[in-house]
Every structure is written in C-alpha cells, then in structure tokens.
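Colleague: I am attaching a structure below and will ask some questions about it afterwards.
The values are calculated or read from the model by the stated rules, or taken from the named source; none is laboratory data. Just so it is clear, the model here is predicted, and its values are computed rather than measured. Cβ sites come from the backbone with ideal geometry, for glycine too, and all protein chains shown count toward neighbours. Accessible surface areas use protein heavy atoms only, side chains included; no ligands, DNA or RNA. Shrake-Rupley method; radii C 1.70, N 1.55, O 1.52, S 1.80 Å.
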Amino acid sequence: MNASQHVCCRLQPFGESVFATWSRLAAEHGAVNLGQGFPDFDGPPEVIEAAHQAMQDGHNQYAPMQGVPVLRTAIAQSAGEQMGLDVNPDTDITVTAGCTEAISAALLGLLNPGDEVIVFEPFYDSYPASIAMAGGVMRPITTRPPHFGIDLDAVRDAVNNRTRAILLNTPHNPTGHVATHDELKGLAAIAHEHDLVVIADEVYDRIVFEGEHRSIASLEGMWERTITLRSMAKTFSMTGWKIGWAIAPPALSAAVRASHQFMTYSIANPLQHGAAVALGLGDSYYVGLHRDYLARRDLLCNALEQVGFGVHRPAGTYFVMCDHTNFGFDGSESFCQHLVEHIGIAAIPPGSFYSNPEDGRDLVRFAFCKTMPVLEEAIRRLSLLA
Ligand code: GLN
C-alpha cells in the first residue's frame, strides 16, 4: 500500500509541496524558518480592524462571485493608475482565493487538453501542477544565474501550434529577477505574432529594489491578451487571508470566472472589505514596505556573502537564491538537511522548481520576509557554517 495510491495520474508526479516539507522540518528542529515565504509580522492594523468591522456590520454571507464591489473598485483604481489603463471594476476584475487560485482559474478556464504553456524555470511549484490539472502541457525554459534573464530566442523556439499561453512571473520567485523592458517587449511581440495569452503573476510588484516593475499588460496592444494576477499576501503581509485577484479584459475575465465560479464560487466576504481598505492606504505605505524590505535584503545578503555563499542579490521579491557549493555538499537537498539539523536554519532546496531537479543542485533559496531580530538570529547561526 502506498500513500499516494488514490491520487490521480495527473497529480502523481507532484507529491508533497516543498514548502510544507521544509516548514515541518523547521518546526521539528526548532530552526529559524527562512524557507516558506510568509512574513512573521502582521499587516497594517487598520486593515485588520476593517475586516473586524465588516463582520460586525453583517458582511457574513456569500460575496458576489466576482468579488465585492468596494474591493473591485479599489483594485480597478490602483491597478489602473499603476498600469496607465482604464480598468472596469465590473467586467475586468475577479477576486480569487489568493493568487494561487487565480493561476489555476486562469489555466482551467483557458486550456483545452494538450494546449501548451511556456513557463520560466525555476518556477513557483504550483505552476506545473496547475497546468497538469487543467490538462495542459508545460514547456519550461530554464533561466540561469547570475541574472536569470529571459532568453527570447528560447521562447521563440518553444512556440508551436499547440502553444496557448506564456505564464510570466515578474518580479520572479525564486530568482528575484525583474523583467526588463526589452524582455517584456520581446515577449509581447511573440504573443502578438502567435496569438498567445500572457498570464502575468505580479504578486511581488511592490517589492522591487533594482530596476522598475512594469506590467506587460501596459505595453501597447497587450491589455487585450493579458491576465494580470496580484494579491494581498506579499504587498500587505497577509498570506493567511488568501485574497488575490485577476485583472483582464472581459473576454479573458470570462475564462477566469468560468472556472472560479465552480472552484470556490466566492471569497471570504469580510476579508474583501479589509482588502479594499488596504488598497486605499496610498503611496506612503508602499514607501515603508520598500524601505523595510531593502534593509532586510541587504542585512541577510551581506551576511550570506560574508559566510561564503555566492549570493544572487535579488532585484525584487523577498527571496534570495545563493550558490552553496563552497560548503562542499552533494547537492541542495543534503545542504539544506545539514542547515536545518546542525545550523538551525530552514531554507528551500530548489529542485522542485525545475523540470529537471539537477538544474537546482548548486542553489538554495532563503526568504527574508522576517523581522530584524529573527534575521539577526539566523545570521548568528549562519556563522557556524564558516
Ligand atoms: N509563495 C510562497 C513561497 O514561495 C509560499 C507559498 C506556499 O506555501 N504554497 O515560499
């Protein structure tokens, strides 16, 4: 008898999510958890208060399928300003259970069996599983250190008459790469030429240190063929609320809604009211978020460099990919096992972010979405590695 004997063949290849595995190991070993990417601090108190208030005010029944009007209006306004587009809150916004549901909803709503999706690896681990659940086929394109840039020729080579979509994540988890204007322009040209949809996962859009985040939807002619995905989780340090959304023109929103309505139907009503308040906080909130993450990035990256890692300092996100080969371990799994057992730090071995796990064997991912004292404790422990 095997533990996955009842799991369907579409999902057999995936096993347990790497985040669950390493958070469990972190707890077992009393390690500082720099593995799974969730902040160890709360989001803005006025946002939490707004959700409380919404419960008191009776917002406790099903929300509308596409999201509560006050949140859709706030999303349309903030995304519209950011992208320089006129976004219609009624037809262009769908609120989902975090961006992870939005990814699945987009893929399930768009793909016919055998349709191909171009993905850049290393990838967020839900991408291949969501493509498989939708009956699609993943076409991975490997990005490589030190810059993890997008090879447009490789994208052109990967396109064929089954290609339906490009799944783009910028700023990119786990590499920290922020897509350049040239990369976005190149992808847009390929999407036009081959009539592809771009699914743009932009959940780290407010955590950018170098360069500038630009939505591919804002490029000329791209609004019509892009589904842009965002969430509360990273921007407002509320990963547990699971509030995300898809922004897309009516014809693409129809695809997202076609599947969303039968997966979750609608999302926690009072939390959507809290999310609307979050989006109204304005620029000073984003300035503070950026300042705090820049300080955390530099504190951890400097320490990692000092102790002997090859650090690929991220241009965006709250993750850093490092080369661990100076320490002489046989691959990232055994390095991370040593780190959690003997050094007291959990990190992520990135093998499951690649179609061929060997491509990640020299790398390890650390998350720095933690309070300064926690990062300082991790740094104290890191010195044991030297
Ligand atoms: N996005 C987070 C990360 O990359 C974790 C997501 C999850 O736990 N499923 O660490």
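Colleague: Please state which one of 15, 37 is in contact with a Cys (Cβ under 7 Å, 6 or more places away or on another chain), within 16 Å of the ligand (Cβ to nearest atom) and either assigned to a loop (DSSP other than H, G, I, E, B) or open to solvent by 80 Å² or more (accessible area, probe 1.4 Å) (or both).
Modeller: Testing whether each residue is in contact with a Cys (Cβ under 7 Å, 6 or more places away or on another chain), within 16 Å of the ligand (Cβ to nearest atom) and either assigned to a loop (DSSP other than H, G, I, E, B) or open to solvent by 80 Å² or more (accessible area, probe 1.4 Å) (or both) leaves just 37.
Colleague: So the check is Cβ under 9 Å with 6+ separation or different chains; which pairs have a first residue in the stretch 183-198 that's within 17 Å of residue 251 (Cα to Cα) and open to solvent by 80 Å² or more (accessible area, probe 1.4 Å) and a second one that's at pLDDT below 95 and assigned to a loop (DSSP other than H, G, I, E, B)?
Modeller: Nothing qualifies.
Colleague: Output the residues belonging to the stretch 81-110 that are within 18 Å of residue 252 (Cα to Cα) and either over 21 Å from the mean Cα position of the chain (by Cα) or of a type in the set (D, E, K, R) (or both).
Modeller: Matches in the stretch 81-110: 85, 86, 87, 88, 89, 90, 91, 92, 101.
Colleague: Could you please find all residues in the stretch 156-177 being crowded, with 22+ Cβ neighbours inside 10 Å and farther than 14 Å from residue 123 by Cα?
Modeller: Matches in the stretch 156-177: 165 only.
Colleague: Go through the stretch 18-34 and give me each residue that's open to solvent by less than 20 Å² (accessible area, probe 1.4 Å) and over 21 Å from residue 125 (Cβ atoms).
Modeller: Once the filter is applied, which keeps residues that are open to solvent by less than 20 Å² (accessible area, probe 1.4 Å) and over 21 Å from residue 125 (Cβ atoms), the stretch 18-34 yields only 32.
Colleague: Do we find that residue 92 is away from the ligand (no atom under 16 Å from the Cβ) and either open to solvent by less than 70 Å² (accessible area, probe 1.4 Å) or in contact (Cβ under 8 Å) with a residue 40 or more places away in the chain (or both) in this structure?
Modeller: yes
Colleague: Being out of contact with any Ser or Thr (no Cβ under 9 Å at 6 or more places or on another chain) and open to solvent by 30 Å² or more (accessible area, probe 1.4 Å) is the filter; apply it to the stretch 136-155 and report the residue that is modelled with the lowest pLDDT.
Modeller: The qualifying residue modelled with the lowest pLDDT is 146.
Colleague: Here's a follow-up. Can you name every one of the helices (runs of 4 or more DSSP H) wholly within the stretch 208-309 that holds 2 or more residues which are farther than 24 Å from residue 49 by Cβ?
Modeller: By residue number, 250-263, 283-307.
Colleague: On to the next question. Hey, can you tell me all the residues within the stretch 40-72 that are open to solvent by less than 40 Å² (accessible area, probe 1.4 Å) and in contact with a strand residue (DSSP E or B) (Cβ under 7 Å, 6 or more places away or on another chain)?
Modeller: Within the stretch 40-72, 67, 71, 72 qualify.
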